[in-house]
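The values are calculated or read from the model by the stated rules, or taken from the named source; none is laboratory data. Remember, it's a predicted structure, so these values are computed and weren't measured experimentally. We place every Cβ from the backbone using ideal geometry, glycine too, and count neighbours over all the protein chains shown. The accessibility values were calculated without ligands, DNA or RNA, using every heavy atom of the protein model including side chains. Shrake-Rupley method; radii C 1.70, N 1.55, O 1.52, S 1.80 Å.
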Amino acid sequence: MNKTLPFLKLVRWQNLLIIAGILVLVRYGFLLELGFEVMLTPLWHSIFILATVLIAAGGNAVNDAKDVNADRINKPE
């Protein structure tokens, strides 16, 4: 049985892509374009994005685990 799809649904992968995209856009679309001095190298910025996405994924999983009882009532499917 493939466990990838339920895992991706659990961590809400679309939201994680939005988070990563916004962080990339802020660095390359705003800060560098406006001439701000960015202290993080591209490698460290990538690590920062990965850490942020992993923390958000963990938060989504914990939120789903805590809301099991409420989801039984509000989302019976």
Whenever you get a sec, compute what percent of the accessible area on the chain sits on carbon and sulfur atoms (1.4 Å probe). 70
Extension length gain for residue 17 and residue 62 (0.36 nm per residue less Cα distance), in nm, is 14.3 nm
Given a 1.4 Å probe, the accessible area of the chain per residue, as a whole number of Å², is 82
Can you tell me the orientation of helix 42-66 relative to the chain, as the angle in degrees between its alpha-carbon axis and the longest Cα principal axis, to the nearest 10? 20
Explain nothing, just the number: relative contact order of the chain, from Cα pairs under 8 Å at least 6 residues apart, as a whole percent. 47
Dipole of the chain, positive end: most advanced residue of 5, 39, 63 [Cβ charges, Cα centre]: 5
Whole-number D in µm² s⁻¹ for the chain, Kirkwood Cα-pair radius fed into Stokes-Einstein, 10 °C, 1.306 mPa s: 109
Distance in nm between pseudo-label sites at residue 69 and residue 25 (7 Å out along the Cβ direction from Cα): 3.8
Dipole of the chain, Cα-centred, from +1 at each Lys and Arg C-beta and -1 at each Asp and Glu C-beta, to the nearest 20 debye? 280
